[in-house]
Amino acid sequence: MDKLLVTGNGPLRGAVRISGAKNAALPILCSSILVKGPVTFNNVPQLNDTRTIERLLNRMGITAARTETHRFEIDASTLTSPVADYDLVKTMRASVLVLGPLVARWSEARVSLPGGCAIGQRPVDQHLKGLEALGATVTLDSGYIHAKAPAGGRLKGARIVFDVVTVGGTENILMAATLATGTTIIENAAREPEIVDLANCLIAMGAQISGAGTDTITVVGVENLHSATYRVMSDRIEAGTFACAAAAVGGEVTLLDAPVTSMEAILDKLREAGCTIGVSGQNISISRTGSLKAISTKTAPYPAFPTDMQAQIMAMNVVAEGTAVMTENIFENRMMHVSELTRLGASIEVTGNTAIVHGVKQLKGATVMATDLRASACLVIAGLCASGQTMIDRIYHLDRGYEHIEDKLIGLGATIERIS
């Protein structure tokens with residue numbers, strides 16, 4: 001099992017190119033199921049999660065392959081089995097995003113209940129509620145979701161009101177509705193930029209969608225979707241992670257090809273922390289020469305501050321001047337990195353879903369363990385700030401969502417070594 005050895009050695013300087021967005025690429029790759037022909041996706045990041053989707057599609061009989069470093073070519077006309085097995089789905093909960101497309105295209109799906117990071121309960125009840133509203137019959141049997149379209153084989157448009165904002169649920173129902181008869185209205189829909197990217201991809205394939213990016217999405221079903229080529233958006237969370245690293249250790253870093261318009265909540269917090277932010281087209285420069293100030297945060301659905309950045313901001317706060325109050329409102333178990341940060345010398349008190357972070361002057365390297373994807377990035381940032389060496393274990397979480405993060409940080413002057 002790989003580990004990262006991080007040696008704190010001062011400010012970061014230089015430029016780093018931001019990869020394609022994991023949280024956009026995964027549903028977009030799944031959307032290929034809807035098309036009875038070849039599709040091409042560009043700017044797909046090299047991640048364990050995208051490899052898992054590739055294996056999952058191939059196991060269904062679909063021809064899916066990475067033909068260039070960041071290009072996927074997929075032909076779902078060869079689909080033979082609408083089944084997503086437990087051994088793949090358990091490693092990544094986004095695998096459940098094949099459910100909606102399979103029922104829409106094949107009229108039936110059998111998908112294992114999902115696994116993934118242990119950051120809290122993330123039920124799929126809203127996914128199933130949406131499919132049932134579209135006319136599907138849904139049963140749970142031996143750990144699998146079995147969904148069948150109504151007689152005639154096609155889902156039927158409906159008005160769906162989610163009980164809670166759900167990104168995955170919005171994506172699954174959005175994809176399913178593209179091939180349903182009639183009109184589907186999704187209310188209380190998630191507004192994340194990755195939802196908009198998926199909608200734009202589906203529109204490029206011939207879907208009729210309006211309202212993506214708002215809390216009401218309207219889909220007019222079509223008979224078929226067609227082949228298309230689409231470029232995945234850049235990753236706002238990866239960009240935010242590198243920005244937090246630059247803020248924490250100081251220096252000046254330019255984020256190339258960053259999703260500027262989707263990062264406002266993150267950039268506002270970095271300015272509040274004492275950073276200077278510059279924007280030129282799709283590039284963002286971030287620098288900090290003065291003191292780092294503690295910043296309080298409350299996570300909430302987009303466009304508010306994202307839960308996927310909570311851990312990285314906490315890594316900044318542990319070495320900032322002052323005290324920060326950080327409240328996690330999305331996942332009930334997303335502060336497992338706190339105990340690992342305290343091993344490095346951080347001063348943090350947790351009560352319920354709130355952490356009180358008291359900044360310290362210096363962290364000291366130690367051996368720590370990554371507990372989930374964003375916690376892994378948090379520990380890398382903390383290791384860059386610490387004196388001596390920090391050994392981060394269980395970095396397979398990191399490889400699920402960051403493309404060659406150690407190489408990119410080395411390019412900015414960091415001292416990091418991957419140990420197998």
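The values are calculated or read from the model by the stated rules, or taken from the named source; none is laboratory data. Keep in mind it's a predicted model, so treat the numbers as computed, not measured. We place every Cβ from the backbone using ideal geometry, glycine too, and count neighbours over all the protein chains shown.
One table, with the values for the structure above:
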{"read-out": "Any hit, the stretch 267-283, residues being free of Cβ contacts under 8 Å to residues at least 60 places away in the same chain and on the phi > 0 side of the Ramachandran plot", "value": "yes"}
{"read-out": "Residues being part of a loop (DSSP other than H, G, I, E, B) and modelled with pLDDT of 95 or more - total across the stretch 304-336", "value": "8"}
{"read-out": "Given (1) touching a strand residue (DSSP E or B) at 6+ places or on another chain (Cβ under 6 Å); (2) surrounded by fewer than 21 Cβ atoms within 10 Å (Cβ to Cβ), number of the condition residue 366 does not satisfy", "value": "(1)"}
{"read-out": "Within the stretch 332-354, tally of residues that are in contact with a Ser or Thr (Cβ under 8 Å, 6 or more places away or on another chain) and not β-branched (Val, Ile, Thr)", "value": "7"}
{"read-out": "Residue in the stretch 241-251 that is surrounded by fewer than 21 Cβ atoms within 10 Å (Cβ to Cβ), touching a residue at least 40 places away in the same chain (Cβ under 8 Å) and farther than 30 Å from residue 104 by Cβ present", "value": "yes"}
{"read-out": "Residue match in the stretch 338-347 (condition: part of a loop (DSSP other than H, G, I, E, B) and within 26 Å of the chain's Cα centre (by Cα))", "value": "no"}
{"read-out": "Qualifying residues in the stretch 139-149 (those that are modelled with pLDDT under 95 and surrounded by 13 or more Cβ atoms within 10 Å (Cβ to Cβ)) - the one farthest from residue 219 (Cα to Cα)", "value": "144"}
{"read-out": "Test for residue 25: is it closer than 21 Å to residue 170 by Cα and either in contact (Cβ under 8 Å) with a residue 40 or more places away in the chain or not in a strand (DSSP E or B) (or both)", "value": "yes"}
{"read-out": "Single unsatisfied condition, residue 339 versus (1) under 25 Å from residue 22 (Cα atoms); (2) surrounded by fewer than 24 Cβ atoms within 10 Å (Cβ to Cβ)", "value": "(1)"}
{"read-out": "Residue that is surrounded by 24 or more Cβ atoms within 10 Å (Cβ to Cβ) and acidic (Asp, Glu), where the choices are 399, 407, 372", "value": "372"}
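Per-residue answers, yes or no, for (1) within 22 Å of the chain's Cα centre (by Cα); (2) surrounded by 22 or more Cβ atoms within 10 Å (Cβ to Cβ):
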position: 259; (1), (2): yes, yes
position: 282; (1), (2): yes, no
position: 287; (1), (2): no, no
position: 333; (1), (2): yes, no
